[in-house]
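One structure is given below, encoded as structure tokens.
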Amino acid sequence: MRHQSGRKKLNLSSPHRKALIRNQTISLITYGHLVTTKARAQEVRRFAEKLVTLARTGADFNTRRRVKALIPYKEEAIVKLLSEIAPRYINRSGGYTRIIPLGQRMSDTAHVARLEWVL
């Protein structure tokens, strides 16, 4: 039984899955949108919304350190998250992203979706 198992495995090993989610979150922060499979978009959404909730508190040293622990290898994404994205959502209690279904991919019929920030 799969009661209360929190995350999708995405058919990847744990370090590969963690790196994939981090990299796709960095792409979401950098470009403002992300086109990927629906399952991956749902996992990236969970991670990205936790990051925004953390970054909403302000750009002090402790917040920057905690965000850097979660996305350690892209300083530009951290700066953009703390200075541009998080201040937009200070008065919003959650739901910072939306997933828009785009149909199925021709090659493997995977369900494709677009993940973007809610403005």
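The values are calculated or read from the model by the stated rules, or taken from the named source; none is laboratory data. Not measured: the values here are computed from a predicted model. Quick reminder, even Gly has a Cβ in these numbers, built from the backbone with ideal geometry, and neighbours come from all protein chains shown. Surface areas here come from the heavy atoms of the whole protein model, side chains and all, with no ligands, DNA or RNA. Shrake-Rupley method; radii C 1.70, N 1.55, O 1.52, S 1.80 Å.
Only one residue in ILE85, ILE99 is in contact with a helix residue (DSSP H, G or I) (Cβ under 6 Å, 6 or more places away or on another chain) and open to solvent by less than 60 Å² (accessible area, probe 1.4 Å), so which one is that? Explain how you work it out, then say what you get.
Values: ILE85 fails: in contact with a helix residue (DSSP H, G or I) (Cβ under 6 Å, 6 or more places away or on another chain).
Exactly one of ILE85, ILE99 is in contact with a helix residue (DSSP H, G or I) (Cβ under 6 Å, 6 or more places away or on another chain) and open to solvent by less than 60 Å² (accessible area, probe 1.4 Å), namely ILE99.
Applying the selection to the range 33-78, what residues are without any contact (Cβ under 8 Å) to a residue 24 or more places away in the chain, aliphatic (A, V, I, L, M) and in contact with a helix residue (DSSP H, G or I) (Cβ under 9 Å, 6 or more places away or on another chain)?
LEU54, VAL67, ILE78
Can you run down the residue pairs with Cβ atoms below 9 Å, 6 or more apart or on separate chains, where the first is in the range 80-97 and farther than 18 Å from VAL44 by Cα and the partner is open to solvent by 90 Å² or more (accessible area, probe 1.4 Å)?
Between residues of the range 80-97 that are farther than 18 Å from VAL44 by Cα and residues that are open to solvent by 90 Å² or more (accessible area, probe 1.4 Å), the close pairs are ARG88/LEU119.
Is it the case that the range 15-30 has a residue that's over 16 Å from the mean Cα position of the chain (by Cα) and modelled with pLDDT of 95 or more? Give the steps one after another, and end with the answer.
Filtering the range 15-30 down to residues over 16 Å from the mean Cα position of the chain (by Cα) leaves 15.
Retained after the next criterion (residues that are modelled with pLDDT of 95 or more): 15.
The answer is yes, given that some residue of the range 15-30 is over 16 Å from the mean Cα position of the chain (by Cα) and modelled with pLDDT of 95 or more.
Look at SER5 and say whether it is at pLDDT 95 or above, polar (S, T, N, Q) and out of contact with any strand residue (DSSP E or B) (no Cβ under 9 Å at 6 or more places or on another chain).
no
May I ask you to verify whether ARG105 is within 22 Å of GLN42 (Cβ to Cβ) and either touching a strand residue (DSSP E or B) at 6+ places or on another chain (Cβ under 6 Å) or surrounded by 10 or more Cβ atoms within 10 Å (Cβ to Cβ) (or both)?
Numbers: within 22 Å of GLN42 (Cβ to Cβ): yes; either touching a strand residue (DSSP E or B) at 6+ places or on another chain (Cβ under 6 Å) or surrounded by 10 or more Cβ atoms within 10 Å (Cβ to Cβ) (or both): yes.
Answer is yes for this residue.
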